[in-house]
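If you scroll down you'll find the structure; I have some questions about it.
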Amino acid sequence: MFNALVLNKDDDDKVTSSIKQLQESDLPEGDVTVDVSYSTLNYKDGLVVNGLGGLVRNYPHVPGIDFSGTVRESSHKDYKTGDKVILTGWRVGEVHWGGYSQRARVNGDWLVRLPDEINEKQAMAIGTAGFTAMLAIMAIQDQGILPDAGEVLVTGASGGVGSVACALLSNGGYQVTASSGRCGDEYLASLGVENCIPRDELTEWNGRPLNKERWAAVIDSVGGSTLSNVLSQLKYGGAAAAIGLAGGNKLDTTVIPFLLRGVKLLGIDSVMCPPGTRRTAWQRLCAELPKSQLDKMTTTVKLSEVASQGSEIIKGQVRGRMVVDVNG
Ligand code: NDP
């Protein structure tokens, strides 16, 4: 028997959660069974545990979009009992059984081997959010945007994606400006942020297709009018990596910044990201994200706290990264 957080939908379409004892026969099909050590709480998990966003098709459902753990049993050619693994994406925790469980069974092709440089807890302190931040930085660097190009703006800077992006960029020599509802916090400065603009300054779209050129690049996890605004503020040849929708999914803009300033809008998807890119991103995270900064941005909660924290994250009340100790 093992414990898992299980979501159910009642007759009024209300989603409720409880911790249940399950058994091996409850696990879905798959060629690798994993003893899960840690999962995390991401914005998407907040949506799932609150029954929002239409992400889950079938109930009962075990949420948790990522996990780290040890292979218990495997018929997959690349994994054997005892191997340490990470999983992010592939719609695990949405349409497939997720990481808020002491055991999971998945398609081995979805796994990444845990790099030697980090332990299972550090892997989940990084988690989906940190992995996605790295993908965004790789995307802007693919455009040739290096530290000498100028200031980089990170929106939603004290969230999970934002925190890791700030730390990676500042350690990589970029001048980082945050857009945040928490500019006064010492926290952002501890991640290497040099300037902070209150998030409200970007949430009203003034409708002007071009504003003063300011950013060499933007890492955006807010979307909506924040993204509309920053597109009009990119420097000539700059790029915005669109990651998230914490502030809205509607994008009101014009083609003018693309035509007159040659700016680029780069879509970032971590869920179906190909295996080769995944391995590169994890290698770079191990090499470029200082463990001391990772510790500063991480809090740990138990499985029993996920439901309440899931409500907090969608209200923008969770700072940094939240690791879920499924055995705690
Ligand atoms: P978090 O909740 O940890 O961070 C979001 C941050 O955005 C908050 O901390 C807050 O930062 C800011 N924010 C919250 N609400 C608003 C609002 N109404 N208006 C403006 N800013 C707001 O979430 P994650 O970091 O886990 O995820 C961020 C986004 O990225 C989500 O939309 C998520 O779905 C998406 N995502 C996408 C992925 C992909 O593959 N494309 C992968 C991972 C995440 P502050 O207090 O500093 O203002």
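Go over the candidates LEU245, LEU188, LEU266, LEU210 one by one and state the one that is open to solvent by less than 20 Å² (accessible area, probe 1.4 Å) and on the phi < 0 side of the Ramachandran plot.
LEU188
Same structure, new question: Would you check if there is a residue in the range 110-128 being within 11 Å of the ligand (Cβ to nearest atom), open to solvent by less than 10 Å² (accessible area, probe 1.4 Å), outside any loop (DSSP other than H, G, I, E, B) and closer than 30 Å to GLN233 by Cα?
no
May I pose another question? Strands (runs of 3 or more DSSP E) wholly in the range 161-261 with at least 3 residues that are within 9 Å of the ligand (Cβ to nearest atom) - which ones?
Qualifying strands (runs of 3 or more DSSP E): 176-180.
Specify which of the listed residues (GLY173, GLY150) is open to solvent by 30 Å² or more (accessible area, probe 1.4 Å), more than 19 Å from LYS296 (Cα to Cα) and modelled with pLDDT of 95 or more.
Criteria check complete, one pass: GLY173.
Would you point out the residue of the range 135-145, among those that are part of a helix (DSSP H, G or I) and surrounded by fewer than 24 Cβ atoms within 10 Å (Cβ to Cβ), that is nearest to the chain's Cα centre (by Cα)?
LEU135
Next up: So, of the residues in the range 62-106 that are of a type in the set (Asp, Glu) and assigned to a loop (DSSP other than H, G, I, E, B), which turns out to be most open to solvent (accessible area, probe 1.4 Å)?
Top of the filtered list is ASP78.
Something else about it: Which pairs have Cβ atoms under 6 Å, sit 6 or more apart or on different chains, and link a residue in the range 80-94 that is touching a residue at least 12 places away in the same chain (Cβ under 8 Å) to one that is aromatic (Phe, Trp, Tyr)?
Close Cβ pairs (under 6 Å, with a partner that is aromatic (Phe, Trp, Tyr)) amount to LEU87/PHE67; LEU87/TRP110; THR88/PHE131; TRP90/TRP110.
Turning to a different aspect of this structure: Within the set of pairs 6 or more residues apart or between chains, which connect a residue that is closer than 8 Å to ALA129 by Cβ inside the range 157-174 to a residue that is open to solvent by 30 Å² or more (accessible area, probe 1.4 Å) with Cβ atoms less than 6 Å apart?
So the pair list comes out as VAL161/ILE243.
Of the residues in the range 22-53, how many are open to solvent by 20 Å² or more (accessible area, probe 1.4 Å), among the polar types (S, T, N, Q), away from the ligand (no atom under 16 Å from the Cβ) and touching a strand residue (DSSP E or B) at 6+ places or on another chain (Cβ under 7 Å)?
1
The values are calculated or read from the model by the stated rules, or taken from the named source; none is laboratory data. Note that the structure is a prediction, hence the values are computed from the model and not measured. Here Cβ is always computed from backbone atoms with ideal geometry, including for glycine, and neighbour counts include all displayed protein chains. Each accessible area value is taken on the protein alone, full model and side chains, heavy atoms only, with ligands, DNA and RNA left out. Shrake-Rupley method; radii C 1.70, N 1.55, O 1.52, S 1.80 Å.
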